[in-house]
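Just below is one structure, and these are the notes that go with it.
The values are calculated or read from the model by the stated rules, or taken from the named source; none is laboratory data. Remember, it's a predicted structure, so these values are computed and weren't measured experimentally. Backbone-built Cβ (ideal geometry, glycine too); neighbour counts: all protein chains shown. Areas reflect the complete protein model, heavy atoms only, side chains present, ligands, DNA and RNA absent. Shrake-Rupley method; radii C 1.70, N 1.55, O 1.52, S 1.80 Å.
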Amino acid sequence: MSGKDRGESEGAPRAGAVTVSDIQELMRRKDEIEAQIKANYEVLESQKGVGMNEPLVDGEDYPRSDVDLYQVRTARHNIICLQNDHKAVMKQVEEALHQLHARDKEKQARDIAEAQNEAMSHRPDLSPSESPCPPRAFAKVNSISAGSPASLAGLQVDDEIVEFGSVNTQNFQSLQNVGSVVQHSEGKPLNVTVIRRGERHQLRLVPTRWVGKGLLGCNIVPLQR
């Protein structure tokens with residue numbers, strides 16, 4: 001079986017709607033592949049520090065006698081196949097997160113519409129122009145890394161955060177509040193409410209280990225009160 005076939009058959013989401021458990025399984029597969037790549041690089045290191053490109057013949061074009069050529073060639077082949085597997089799994093993770101985000105975004109839009117209709121039905125004297133002011137934001141998105149969980153969730157630079165999971169304006173004290181929520185929600189979807197150019201948006205963010213640093217891939221700064 002080729003590296004591509006392995007990457008597509010192992011850890012691939014099941015047919016149908018993507019779930020958080022599907023993404024967790026893909027991340028497990030990613031971690032497994034990375035561990036295997038590391039193990040094969042350690043094999044190369046044990047053979048006189050031979051890497052992926054050093055020649056395996058001496059100055060007279062004879063096979064080197066100071067290394068185990070079979071081990072080196074096998075490790076190099078494994079690394080190439082595993083790197084292809086890793087690329088395939090990361091593509092599956094990105095696609096799965098996009099699907100999950102799109103589905104959740106549709107559901108959130110329906111929920112918001114239903115909530116607004118429910119509120120209006122209980123306040124028939126309240127016109128849309130007299131709707132209560134939205135809660136104040138407590139933080140702002142300062143930067144976002146491409147391909148990060150934050151980017152895939154739809155967060156944008158300059159988004160003002162009103163709610164981040166259980167953190168809101170009323171209980172926010174410092175960014176440690178947000179960090180704590182993120183650390184305890186790895187692999188679990190968080191509801192995030194932001195104000196973007198005066199409009200309120202609700203997003204679903206899944207803190208996830210990715211190729212970059214942290215579980216979000218964005219920088220959040222507190223707003224001055």
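Just one of (1) part of a strand (DSSP E or B); (2) open to solvent by less than 20 Å² (accessible area, probe 1.4 Å); (3) in contact with a Ser or Thr (Cβ under 7 Å, 6 or more places away or on another chain) trips up V192, so point out which.
If we test V192 against (1) part of a strand (DSSP E or B); (2) open to solvent by less than 20 Å² (accessible area, probe 1.4 Å); (3) in contact with a Ser or Thr (Cβ under 7 Å, 6 or more places away or on another chain), just (3) comes out false.
Does segment 8-38 hold any residues that are modelled with pLDDT of 90 or more and open to solvent by 50 Å² or more (accessible area, probe 1.4 Å), and which are they?
E25, R28, D31, E32, E34, A35, Q36, K38
I'd like to verify a number: residues in segment 52-78 that are charged (D, E, K, R), over 20 Å from Q36 (Cβ atoms) and surrounded by 13 or more Cβ atoms within 10 Å (Cβ to Cβ), how many? Spell out how you get there, then give the answer.
The first filter runs over segment 52-78 and keeps only residues charged (D, E, K, R), leaving 54, 58, 60-61, 64, 66, 68, 73, 76.
Pick out the ones that are also over 20 Å from Q36 (Cβ atoms) and you get 54, 58, 60-61, 64, 66.
Now restrict to residues that are surrounded by 13 or more Cβ atoms within 10 Å (Cβ to Cβ): 54, 64.
Residues that pass the stated criteria total 2.
A75: more than 26 Å from P207 (Cβ to Cβ), touching a helix residue (DSSP H, G or I) at 6+ places or on another chain (Cβ under 8 Å) and not β-branched (V, I, T), yes or no? Break it down into steps so the answer makes sense when it comes.
Numbers: more than 26 Å from P207 (Cβ to Cβ): yes; touching a helix residue (DSSP H, G or I) at 6+ places or on another chain (Cβ under 8 Å): yes; not β-branched (V, I, T): yes.
For A75, the condition - more than 26 Å from P207 (Cβ to Cβ), touching a helix residue (DSSP H, G or I) at 6+ places or on another chain (Cβ under 8 Å) and not β-branched (V, I, T) - is met.
Taking the condition of being over 30 Å from K91 (Cβ atoms) and not β-branched (V, I, T), how many residues in segment 148-184 meet it?
The initial filter retains those residues of segment 148-184 that are over 30 Å from K91 (Cβ atoms), namely 160, 162-163, 166-177, 180.
Okay, now just the ones that are also not β-branched (V, I, T), so 160, 163, 166, 168, 170-177, 180.
The total comes to 13.
Would you pick out the residues in segment 173-187 that are touching a residue at least 24 places away in the same chain (Cβ under 8 Å) and either in contact with a Gly (Cβ under 9 Å, 6 or more places away or on another chain) or within 15 Å of V141 (Cβ to Cβ) (or both)?
Filtering segment 173-187 down to residues touching a residue at least 24 places away in the same chain (Cβ under 8 Å) leaves 174-175, 178, 182-183, 186-187.
Hits for segment 173-187 are L175, V178, V182.
Against the condition at pLDDT 90 or above and either part of a strand (DSSP E or B) or of a type in the set (F, W, Y) (or both), how does T208 come out, does it pass? Explain how you work it out, then say what you get.
On the way: at pLDDT 90 or above: yes; either part of a strand (DSSP E or B) or of a type in the set (F, W, Y) (or both): no.
Against the criterion (at pLDDT 90 or above and either part of a strand (DSSP E or B) or of a type in the set (F, W, Y) (or both)), T208 does not qualify.
Give me a count of the residues in segment 185-210 that are closer than 16 Å to K30 by Cα and either touching a helix residue (DSSP H, G or I) at 6+ places or on another chain (Cβ under 7 Å) or of a type in the set (S, T, N, Q) (or both). Steps first, answer last, please.
So the first thing to find is which residues in segment 185-210 are closer than 16 Å to K30 by Cα, and the list is 186-187, 207-210.
Imposing the further condition that a residue be either touching a helix residue (DSSP H, G or I) at 6+ places or on another chain (Cβ under 7 Å) or of a type in the set (S, T, N, Q) (or both) reduces the set to 187, 207-210.
Residues that pass the stated criteria total 5.
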